[in-house]
Amino acid sequence: MTTERLLELDAVSKRFGRVVVADGLSFGVRQGETLGIVGPNGAGKTSLFGMISGDLRVDTGDIRLSGTSLTSLSTARRVRSGVVRTHQVPRPFTGMTVFENVLVAAQQGGGLRASHAVDRTLEVIEETGLAEHANVVSGRLGLLSRKRLEVARALACGPRLLLLDEVAGGLTDPEVDTLVSIVRGVNARGVTVLWIEHVVRALVSTVDRLVCLALGSLVAEGKPSEVLARPEVKQIFLGTGAAVDEAPGGLP
Amino acid sequence: MTEMATREGAADESPAAPSQVSGVRIRRSTRSSRLAIAPALIVLAVLAYLPFLFAQDTTNTMVNFFILLVLGMTWNVLAGYAGLVSVGQQAFLGAGAYSVLWLAQQGMDPLAALPVAAVFCGVVAIPVSWLVFRLRGGYFAIGTWAVAEVFALVTIRSSALGGGTGTNLPGLDGYDPVTLGALTYWAALAIAVLTLLGSYLMLRSRVGLALTAVRDDDHAAEGVGVRPAGAKRVVYLLAAIGAGAAGGVLAISQLNVQADNVYGVQWAAYMIFVVLIGGIGTLEGPIIGTIVFFILQQTLASHGAWYLILVGLVAVVMALWSPRGLWGIAERFGVHLFPVGYRVVHPEESQS
């Protein structure tokens, strides 16, 4: 427990009208760990990523990276300081090739110049298994390759903290395994990973710790097996409890 | 391999040097672009020689062609890449024309005043960008149009600049008409070539790649560290400089400056038309679009309203059937004259 905290959320709150997406949320992500986030639709998982990455402003509370507050920084500044997210629905630059998609991330987010950016791009493309698609215009890619590209683009920014938003969603089992092994490799290189996932199997096999959110609040936190064994978490996932019925769905 | 290395532009930041990673090379040119270099140089040489071949009314027509080409190319980078759908570039066209007029009134040679006027427009664009960049989408479009109208209204209050009726451009009496026509033509040609080269080099650079990402998805671009606001501001200033230079040439070629003409919203319509029918978001598009527009204008101008009806019809047909314009059709066959992209070439396939 003495490990340094890379990311710290301190009583973060956010609401859209009457919908609460974060209600005094506090937890930390340790340097080098993989922390999974589970919770029903509308629990505020993606909104949480938005607040960490800078797409959304927090109403109250603070988010700190290595002790430095992020909340007043723009998305681009946060990317340059090492906080990079992927999107649940991949958002490739559809008119650009895979190589160009990753290169722009290496140049802008990674701050690399000339051949260094090219080298980083080629490495990341190799690491994410996109080498054979390097010259393909990304708008023509299938879902698995688009998901790989989301990860590749984020990695090219040279992240300290990687925010993965449902990279395994919508994929077949073998495809999920491929992505899980990519994420493990990234984490093994020392990148801290915060991972939202509905494919619990993928998550449990990879993460060190698990956090369960519902209605913008922290329901449980701990080892994956312990968290999933808690009655309140089971209730949420079996979909029998009132907590699920009340949960507003379809939020970004 | 050596051939590939020499093809790399010197201004390019990403060198063709083999990467540390498994000897892979990055190629920036395409087959069609390499084949097009020689014909492009010939076309340029012929264009430069044109004043010696044709009478002055031909070169005067070509000056208008280049003005429209410059406006089309700059508007394409604005709207097609930076997502800045401005309907107010005539603000800088007019400012450029009136800058040349004012400098000429102070005794400067109008041709020498051209670059000064262009830079002045770039400077004016800075405070204007603070204002209009607060607006998004349709509001931005209307806002820029309003700015152009304000420019026009402010200008016509000055009686020294001819008020609402306009005034003649002084300082050109020293030239004989044929020399002046040729010089104006070359100035217009030079501005068009500089605009094309400038857009090309910019789109090939880091800023260009970032802008292309912004074109495709500005939110995702921000998520990989691009600062869209900075990139957009650069484009806005450069487009203002281009429009300002075009306005200066317009003043010199017409020999007088009149607010309704140089600040007219019809310029915005022309820019949009040439870019949309040529192909938005491509460098080649505005060139094709300007050529098509000019052919239509020259062949149909005597038919009055039919000309406008046909031009509108062409725009509607293109919008419905080929949203990427005429050049979008050519690109389906893999033709790129101004390749701004990157191609990864593995050692074993370096002949391709």
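The values are calculated or read from the model by the stated rules, or taken from the named source; none is laboratory data. Computed from a predicted model, the values in this text were never measured in an experiment. Note that each Cβ is placed from the backbone with ideal geometry, even for glycine, and that neighbours are counted across all protein chains shown. Only protein heavy atoms, including side chains, enter the accessible area calculation; ligands, DNA and RNA are left aside. Shrake-Rupley method; radii C 1.70, N 1.55, O 1.52, S 1.80 Å.
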(request) Give, in nm to one decimal, the length gained when the segment between B:LEU153 and B:SER322 is fully stretched (0.36 nm per residue of separation minus the Cα-Cα distance). (result) 57.0 nm
(message) Whole-Hz ³J(HN,Hα) for each residue in the stretch A:33-41, computed from phi via Karplus 6.51 cos²θ - 1.76 cosθ + 1.60 with θ = phi - 60°, x for glycine and proline: what do you get?
(response) 8, 10, 10, x, 10, 10, x, x, 4
(request) Take the stretch B:52-264, compute every pairwise Cα distance, and split them into 5 Å bins from 0; I just need the percent in each bin. (result) 1, 8, 15, 19, 18, 15, 10, 7, 4, 2, 1, 0
(message) Below 8 Å, C-alpha to C-alpha, sequence gap of six or more: please give me the relative contact order for the stretch A:86-159 in percent.
(response) 49
(request) Report the charge-dipole magnitude of the protein assembly as shown in Debye, nearest 20, computed about the Cα centre from +1 at each Lys and Arg Cβ and -1 at each Asp and Glu Cβ. (result) 480
(message) From Cα pairs below 8 angstrom and at least 6 apart in sequence, can you work out the relative contact order of chain A, rounded to a whole percent?
(response) 27
(message) Probe radius 1.4 Å, ligands and nucleic acids ignored: give me the carbon and sulfur share of the accessible area of the stretch B:163-203 as a rounded percent.
(response) 70
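Determine, for each peptide in A:92-98, B:142-148, B:157-163, the mean count of other beta carbons within 10 angstrom over its residues, then list the peptides with the highest first. Display every interim value, and only then the final one.
Details: A:92-98: 22.9, B:142-148: 19.9, B:157-163: 13.0.
Output ranking for A:92-98, B:142-148, B:157-163: A:92-98, B:142-148, B:157-163.
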(message) If you average the alpha carbon positions of the stretch A:53-94 and of the stretch B:292-332, how far apart do those two centres end up, in angstrom?
(response) 45
(request) Would you please classify the overall shape of the stretch A:1-120 from the alpha carbon gyration tensor, given that a ≥ b ≥ c denote the square roots of the eigenvalues, rounded means a/c under 1.5, and beyond that prolate means a/b larger than b/c while oblate covers the rest? (result) prolate
(message) How tilted is helix A:114-127 with respect to the longest principal axis of chain A? Cα atoms for both, answer in degrees (0 to 90, nearest 10).
(response) 60
(message) Probe radius 1.4 Å, ligands and nucleic acids left out: can you give me the accessible area buried at the B-A interface, summed over both chains, in Å² to the nearest hundred?
(response) 2900
(message) Ordering B:VAL24, B:VAL292 by accessible area with a probe of 1.4 Å, largest first, what comes out?
(response) B:VAL292, B:VAL24
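Over chain B, give the accessible area per residue in Å² for a 1.4 Å probe, as an integer. Don't skip to the end; give the middle numbers.
Working: 16100 Å² over 352 residues.
I get 46 Å² per residue for chain B.
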(request) Quick one: which residues, 5 or more positions from A:LEU56 or on another chain, have an amide H under 5 Å from its amide H? H modelled 1.01 Å from N in the peptide plane, none for Pro or chain starts. (result) A:MET51
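Divide by every residue of the protein assembly as shown the summed helix terms, -39500 (n - 2.57) for each DSSP H run of at least 4, and state the resulting mean residue ellipticity at 222 nm, rounded to the nearest 500 deg cm²/dmol.
On the way: 25 runs with 327 residues, N = 604.
Rounded to the nearest 500, it is -17000 deg cm²/dmol.
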(request) On the full set of protein chains, 1.4 Å probe, figure out the accessible area of A:THR206 and give it in Å² to the nearest 10. (result) 20
(request) Would you mind checking the tilt of helix B:56-75 against the longest principal axis of the Cα atoms of chain B, expressed as 0 to 90 degrees and rounded to 10? (result) 60
(request) Would you list which lysines come within 17 Å of A:LYS234, measuring only between C-alpha atoms, while excluding same-chain residues fewer than 8 positions from it? (result) A:LYS223
(message) How large are Rg and Dmax for the stretch A:86-159 when calculated on the C-alpha trace, in angstrom?
(response) 10.7, 31
(message) Compute the helix-to-body angle for B:206-216: its Cα long axis versus the longest principal axis of chain B, expressed 0 to 90° and rounded to tens.
(response) 90
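How big is the Rg/Rh ratio for the protein assembly as shown, C-alpha atoms only, Rh by Kirkwood, two decimals?
Working: Rg = 28.3 Å, Rh = 26.8 Å.
My calculation puts Rg/Rh at 1.06.
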